[in-house]
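Taken together, the values in this text are just the output of simple stated rules run on the coordinates, not laboratory data. Owing to the predicted nature of the structure, the values given are computational and were not obtained by experimental measurement. Cβ coordinates were reconstructed from backbone atoms using ideal geometry, including for glycine residues, and neighbour counts include every protein chain displayed.
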Ligand SMILES: Nc1ncnc2c1ncn2[C@@H]1O[C@H](COP(=O)(O)OP(=O)(O)OP(=O)(O)O)[C@@H](O)[C@H]1O
Ligand SMILES: [Mg+2]
């Protein structure tokens, strides 16, 4: 995937939380149509990378460009409108609203009533469990259902690029498989994916390319297949 | 028996006014976790604006509309100028700023309009009384109850049935997650101040008519009582604020009606302390659930 056709491009991105230097010059590219995975240990800066892309935190230097446009100074709510959705770490669903209202909030930026209705049906077909619980207060959903809702809500923004932060966290193995195959489906339907995962094995199975992040720096990058065979990756993230 | 009914009716009117003020407190607290101490003074500004309209010959509804709109804009300006920049620094800084705004409004009004008590002109709202089952019903009661009911219905509609209301509830639950949905948090906060301050203005006009006084410090007591009502109902909960307001009004009225008028104000604070001891989240406050 050449740099020219990159959908998202991070160039020497630095992020600080006060005195903490969380991202130390990140370079990362996501090409249109790809699934790119970002793996790394706790505290490596994976979530920070996604937050910076979404504009939730400001970069201290460097450039984030999306479809050729510098978005590093764009406010978070405008970035969503450009087609970047995020499924945040820990789901962050609106527990005080109903399932339906959560999905409607996903479509907050949209005005095309017909398209919204279509996408709503699409999401509910993809996650039949949400359809059964459409009027339920979202805080009462199980962890797995909440993850589905978080993904569904992000899909309702009709994203071109979807950022997922540890979607498998806290889910039973069977559900993890289901979530990963759904991510693959979403990708096949034309959405580009940047996937942050602790579950490196699964992530490398569905990703085209991957980056390994260690204490704020990218230490390895390559095709997912290559990385899955790489000694360092095997040792650190695939359990030997 | 008729005595009791009479007290309950008075309490209901008084409580409705508290409720209108309390919803503003609670909405603003829900969205930015700030006790907006200037909220009581917005009531006062509303009462004065309506008084100005009345003196120019406008009727009740146009005066109400002008007062609500003026205060709504005032609320937005207060948030923009006094809170937005200090909020991220610390809650205490924002609270201090709120107290500053409160004093600023009180003494600006006093400077320009003097500290005298004023009243609405005689023809503005001609009083009538009716008698029903031995209970004296003043048309002021009907005015307060009717206006409150209409406003509360509109408010419920906005919060629970509109896109903006959904955004307000989302921001109050999790501002960052709301941003990820494309919600502009700053403008949602501004809208909350707009609506909350408009409600306060309505309360100001009703209070001014009901007690027949308009003066620069008139917002202090009802503001404080409404704050108690909001905490009583569970701060952050709109239905809680309404319930808290009505309950507080009724209780005060019963205490006053049965010989305890000296203790009327104390009762509110005693109730507050008791509720906080027994149920710190308030009557309808369920922690995270059902915040606005
Ligand atoms: N709000 C914050 N304030 C201060 N420091 C923070 C904040 N958020 C993250 N950090 C720090 O930044 C670094 C990177 O955190 P980040 O959340 O991006 O890690 P991560 O790779 O997502 O980890 P995990 O796998 O545990 O989710 C950590 O050292 C963390 O302590
Ligand atoms: Mg993380």
| request: Rank by packing, highest mean first: peptides B:46-52, B:248-254, B:133-139, with packing defined as the count of other Cβ atoms within 10 Å averaged across residues. | output: B:46-52, B:248-254, B:133-139
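For peptide A:133-140, how many partner chain Cβ atoms fall within 10 Å of a residue's Cβ, on average?
Counting Cβ atoms of other protein chains within 10 Å of each residue's Cβ and averaging gives 1.
Starting with the highest mean, order B:224-231, B:179-186 by the number of other Cβ atoms within 10 Å, averaged over the residues of each peptide.
Values: B:224-231: 27.2, B:179-186: 22.6.
The densest-packed peptide leads the list: B:224-231, B:179-186.
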| said: Given contacts defined as C-alpha pairs under 8 Å and at least six residues apart, what's the relative contact order of the stretch A:3-237, whole-number percent? | reply: 27
| note | Checking B:201, B:82, B:72 against a Gaussian network model of chain B (alpha-carbon springs below 10 Å), the top fluctuating residue turns out to be B:82
| query | Can you give the average number of partner chain beta-carbon atoms within 10 Å of each beta-carbon in peptide B:179-192, as a whole number? | reply | 6
| task | First obtain the Kirkwood hydrodynamic radius of the stretch B:130-238 from its Cα pairs, then insert it into the Stokes-Einstein equation at 10 °C and 1.306 mPa s, and state the resulting D in µm² per second as a whole number. | result | 98
| query | Taking the radius of gyration and the Kirkwood hydrodynamic radius from Cα positions alone, what is the Rg/Rh ratio for the stretch A:111-240, to two decimal places? | reply | 1.02
| field | Cα-based shape type of the stretch B:1-50, given that a ≥ b ≥ c are square roots of the gyration tensor eigenvalues and the cut on a/c is 1.5 | value | oblate
| field | All-pairs alpha carbon distance profile, the stretch A:122-176, 10 Å steps from 0, percent | value | 22, 54, 23, 0
| query | Looking only at other chains, what is the average number of their beta-carbon atoms within 10 angstrom of each beta-carbon in A:82-94? | reply | 3
| said: Run the helix sum for chain B: -39,500 (n - 2.57) per DSSP H stretch of 4+ residues, divided by residue count, reported at 222 nm to the nearest 500 deg cm²/dmol. | reply: -24000 deg cm²/dmol
| message | Above 38 Å lies some portion of the pair distances; for chain B, what is it as a whole percent of all C-alpha pairs? | response | 9
| Tell me, A:23, B:247 in order of fewest to most beta-carbon neighbours within 10 Å? | B:247, A:23
| remark: In Å, the Kirkwood hydrodynamic radius from C-alpha pairs for the stretch A:4-86 sits at 12.9
| request: Sort out for me the Cα centre separation of the stretch B:1-71 from the stretch B:200-278, rounded to whole Å. | output: 12
| Distance in nm between label sites at residue B:266 and residue A:189, each 7 Å beyond Cα in the beta-carbon direction? | 6.6
| If we restrict to alpha carbons, what Rg and Dmax does the stretch A:19-144 come to, in Å? | 17.0, 48
| query | What does the convex hull of the Cα atoms come to per residue for the stretch B:1-125, in Å³? | reply | 138
| Pairing the Cα long axis of helix B:185-211 with the longest principal axis of chain B, what angle in degrees results, from 0 to 90 and rounded to the nearest 10? | 10
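Hey, any idea what the orientation-averaged projected area of the convex hull of the stretch A:3-237's Cα atoms comes to, in nm²?
In nm², the orientation-averaged hull projection of the stretch A:3-237 is 12.4.
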| message | Once you keep just the Cα pairs under 8 angstrom separated by 6 or more residues, what percentage relative contact order results for chain B? | response | 37
| message | Output needed: percent of Cα pairs per 10 Å distance bin for the protein assembly as shown, bins running from 0 to the one holding the longest distance. | response | 4, 17, 23, 20, 15, 11, 7, 3, 1, 0
| said: For the stretch B:170-292, what does the relative contact order come out to in percent, with C-alpha contacts under 8 Å and a separation of six or more? | reply: 24
| field | Candidates B:92, B:69, B:34, ranked by Gaussian network fluctuation over chain B, Cα under 10 Å, top entry | value | B:92
| Footprinting exposure proxy for A:191, B:129, A:74 (fewest neighbouring C-beta atoms within 10 Å first) | B:129, A:74, A:191
| Overall dimensions of the stretch B:208-292 as given by Cα atoms, namely Rg and Dmax in Å | 13.7, 40
